[in-house]
Amino acid sequence: MKKKLITLLILAACLISLTACGSQGGENGEVIVYNWGEYIDPEVLTSFEEETGIKVVYDEFETNEIMYPKVEAGASAYDVVCPSDYMIKKMIDNDLLAKIDFEKTPNAKEYIGQQYYEQSREFDPSNEYAVPYCWGTVGILYNRTMVDETVDSWDILWNEKYADNILMQDSVRDAFMVALKRNGASMNTVDEAQLQEARNDLIAQKPLVQAYVIDQVRDKMIGNEAAIGVIYSGEAIYTQRENPDLEYVIPKEGTNVWIDSWVIPKNAPNMENALKFIDYMCRPEIALKNFEYITYSTPNDGARDLIEDDDIKNSPVAFPDLSQYNGLETYSYLGEEGDALYNELWKEVKSE
């Protein structure tokens with residue numbers, strides 16, 4: 001679900017498009033990677049190329065819903081993709097993914113924490129298709145100088161006192177998650193009555209919302225342009241570094257605990273290079289570089305051991321003790337009918 005803007009560093013280090021540059025390769029060929037924007041340290045891509053002689057062709061997406069049809073259509077053949085949990089389940093169900101050869105990705109077996117593979121069973125039941133890359137929660141980021149009350153519930157996003165100072169995620173699943181959790185429902189429900197109630201609540205909230213955003217929530221909160229925003233925990237870590245007045249909370253009603261993972265499409269043209277790329281990303285020192293760059297929590301136990309700053313290593317935002325919270329869920333794939341229902345209701349929210 002999730003995330004940041006494309007950086008000039010990545011554009012300079014990598015090829016801009018598959019169409020224009022797909023035929024170029026290093027001495028050992030290439031690997032074509034499709035990832036979230038600004039979701040990897042550009043120096044890692046460079047070091048991978050230098051060590052392996054494999055050229056990285058790098059493309060980016062902004063949401064799972066933008067990524068999926070490109071992979072499904074097969075017009076652009078990717079070797080490695082980084083979807084979120086529920087979208088991985090959809091890709092598995094639609095026979096779009098190849099099984100990971102874990103014998104050729106020993107770092108994935110040795111350093112990714114077992115608890116993350118256990119969590120992954122919710123969307124990859126046999127742990128055959130996905131290698132966890134980043135994980136986190138969705139919560140509320142608020143500015144202590146602009147909010148003078150206890151923030152512990154999604155309810156505050158409907159408080160008229162903060163009209164035009166609230167930022168919501170411009171994402172169907174994340175927006176409905178907030179409304180559903182606030183009402184005590186599962187964020188994976190397909191119950192039409194619960195979804196209609198959530199739809200009505202989101203429509204009622206609209207006059208209070210300054211903007212529906214994805215990446216912009218980070219910059220707006222840092223710049224004191226809003227009082228409250230729905231944000232991913234990795235973004236929250238970055239914003240708190242830039243603005244010490246910001247605080248992140250997981251609401252008492254519960255939230256989404258997500259995992260983004262590396263997968264290999266069935267039509268990957270460079271399968272062996274894909275495995276080499278995934279294994280390289282799972283080296284502790286490489287995973288640490290990515291964590292320090294993107295600030296999203298790493299499932300790599302080896303990388304966490306290498307973190308020198310105890311405040312970060314033990315951060316309740318970066319590495320929360322999930323046993324202390326209620327109502328935590330991972331997004332499930334809802335099927336074609338479920339997706340269509342959510343999308344239709346979201347269109348109604350946005351058009352009101």
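The table below lists the values:
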item	result
Nearest-0.05 FRET efficiency for residue 311 and residue 99, computed from C-beta distance (R0 51 Å)	0.85
The chain, accessible area per residue, ligands and nucleic acids excluded (1.4 Å, Å²)	40
Subset of 252/289; 70/109; 220/350; 70/266; 161/252; 109/276 violating a 23 Å alpha-carbon distance limit	252/289; 70/109
Full-stretch length increase - residue 285, residue 51 - with 0.36 nm per residue and alpha-carbon distance subtracted	82.8 nm
At R0 = 51 Å, FRET efficiency that the Cβ-Cβ distance of residue 149 and residue 70 yields, to 0.05	0.70
Ellipticity estimate at 222 nm from DSSP helix runs (n ≥ 4, -39,500 (n - 2.57)) divided over the chain, nearest 500	-11500 deg cm²/dmol
Portion, in percent, of the accessible area of the chain that falls on carbon or sulfur, probe 1.4 Å	46
At R0 = 35 Å, FRET efficiency that the Cβ-Cβ distance of residue 186 and residue 114 yields, to 0.05	0.85
Proximal charge balance of residue 204 [Cβ under 13 Å; K/R count +1, D/E count -1]	-3
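The values are calculated or read from the model by the stated rules, or taken from the named source; none is laboratory data. Keep in mind it's a predicted model, so treat the numbers as computed, not measured. Ideal geometry is used to build each Cβ from the backbone, glycine not excepted, and the neighbour counts take in all protein chains shown. The protein model used for the area step is the full one, side chains on, heavy atoms only, and it has no ligands, DNA or RNA in it. Shrake-Rupley method; radii C 1.70, N 1.55, O 1.52, S 1.80 Å.
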